[in-house]
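The numbers here are math on the coordinates, done by the rules we state, and not lab data. Just so it is clear, the structure is predicted and the values come from calculations on it, not from any experiment. FYI the Cβ positions are ideal-geometry reconstructions off the backbone, even for glycines, and counts take in every protein chain you see.
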Amino acid sequence: MQLIKDFVNGIWNENPIFRIVIGICSALAVTTSANNGIAMGMALTFVLTCSSILISLLRNIIPSKVRIPCYVIVIATFTTVVDLFMKGYFPALYNVMGIFIPLIVVNCIVLARAEAFASKVGPLRATADALGMGLGYTWAITLISIIREIMGTGSVFGYKILGAGFTPWVIAILPPGAFIVMGILVGLMNLITRKTANSADGH
Amino acid sequence: MNQYVKMIVVLLVISCASGAVLALSYAVTNPKIQQQELQKLQESVLKVIPGATKMEEVQKDGITVYIGLDDQGNKKGIAFPASGSGFNGVIELMVGYNPTEGKLTGVEVLSMSETPGLGAKITEESFTGQFNGKSVKDQFIVKQDVQAISGATISSTAVTKAIKASLDEIVKLYPVGGDF
């Protein structure tokens, strides 16, 4: 039961992008097409899960004063290993995801979950939390990138869905578009959460 | 005191372990990566030289070019790398050139990080295709003899300038009508 709760937490209640608003520098930079969104989400979920498990296993060994350098070393090592193996053995996948892998090192979601969660609980709960957070991150940035891709190029996942009569809003795929779309989505999330909270209170 | 010793030991052990893991991964994957890169290079060279099935690397005056050969060993043209800075970063290209006719035979984008949906269109055939058959005597000026991608003049200009700059160097080594 606790595991399910940990898993769902990251998807909605503490969604890293829409609720906690961390890790948004990668979320804003890569969300120009839906393919990018999914690829980045999967790469992050993988590294987040691996490093959360390892940090959870090492939680009683790492002295608290040097915990941050230890976490950073663990995360950076995992990221580099993923980068190397993908480059060598899955070149097709690397062509799509390659540029995002190094970005994971600087993604604060990984460090934040290590610090706030994985270092305090056992490996099972840490895995559930990492998968939930990863999935929450993935759906959030995929949604942002689908909206930006449709508005900016008239297509989604590379397929044209709006006809030739559609004039692309170029701003949507430029950096300002990322802030605008994300701001609107965070606002909508807050609205939905407030509505459900109010009805739960009986208002 | 004990606490400090533990701190140092743990950090040291973790660093050494991660260093060992990285060294091992690098040793395992490096030959594979090299092979992939060579294959990628070869594919791009063969793509920009029509009729070529093999390639040969040649160093001339410190410049690396690739000579494309067909099955009989006849020289079909040369390919050379070109690069320039685009809107978001370096754009790397492979350009095919036929010295006998003094014309370009193809352009491939090897790597770029231009804006998706705008500058990233430089990788599309509709843009790179227009350089096929271009003569070395042409101007290579965007919006005159090169069609720019609408909304991505900087990326279009970067590609055009990169091709022209490298082409000028190559033409000095392999003059039009000369041997190669």
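Quick look at the numbers
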quantity: Rg(Cα) / (2.2 N^0.38 Å) computed for chain B, rounded to two decimals; calculated: 1.40
quantity: For the range A:1-197: span of alpha carbons on each principal axis (Å, largest first); calculated: 62, 49, 28
quantity: Helix B:153-173 vs. chain B, principal-axis angle (Cα, 0 to 90°, nearest 10); calculated: 70 degrees
quantity: Radius of gyration, Dmax [the range B:88-180; alpha carbons; angstrom]; calculated: 13.1, 42
quantity: Descending semi-axes in Å of the protein assembly as shown, equivalent ellipsoid built from Cα gyration tensor; calculated: 47, 29, 15
quantity: Neighbourhood net charge (11 Å Cβ-Cβ; Lys/Arg +1, Asp/Glu -1) for B:Val45; calculated: 0
quantity: Trypsin sites (Lys or Arg not before Pro) restricted to the range A:90-196 and DSSP loop, no more than 14 other C-beta within 10 Å; calculated: A:Lys120
quantity: Trypsin sites (Lys or Arg not before Pro) within the range B:116-176: DSSP coil, no more than 16 neighbouring Cβ in 10 Å; calculated: B:Lys137, B:Lys143
quantity: Cut-off 11 Å between beta-carbons: net charge of the residues surrounding A:Ile61, Lys and Arg +1, Asp and Glu -1; calculated: +3
quantity: Computed over the range A:109-197, the ratio Rg/Rh where both radii use C-alpha atoms and Rh is Kirkwood; calculated: 1.13
quantity: Calculated FRET efficiency for the pair B:Leu38/A:Lys65, C-beta based, R₀ 41 Å, to 0.05; calculated: 0.30
quantity: Hydrodynamic radius (Kirkwood) for the range A:97-144, which is based on Cα pairs only, to one decimal in Å; calculated: 11.7 Å
quantity: Crossing angle, helix B:2-48 versus chain B [Cα axis fit, 0-90 degrees, rounded to tens]; calculated: 20 degrees
quantity: Angle in degrees between helix A:34-57 and the longest Cα principal axis of chain A, rounded to the nearest 10; calculated: 10 degrees
quantity: Cross-link table A:Lys87/B:Lys76; B:Lys60/B:Lys103; A:Lys160/B:Lys143; B:Lys60/B:Lys121; B:Lys47/B:Lys164; B:Lys40/B:Lys134, entries beyond 23 Å C-alpha to C-alpha; calculated: A:Lys87/B:Lys76; A:Lys160/B:Lys143; B:Lys60/B:Lys121; B:Lys40/B:Lys134
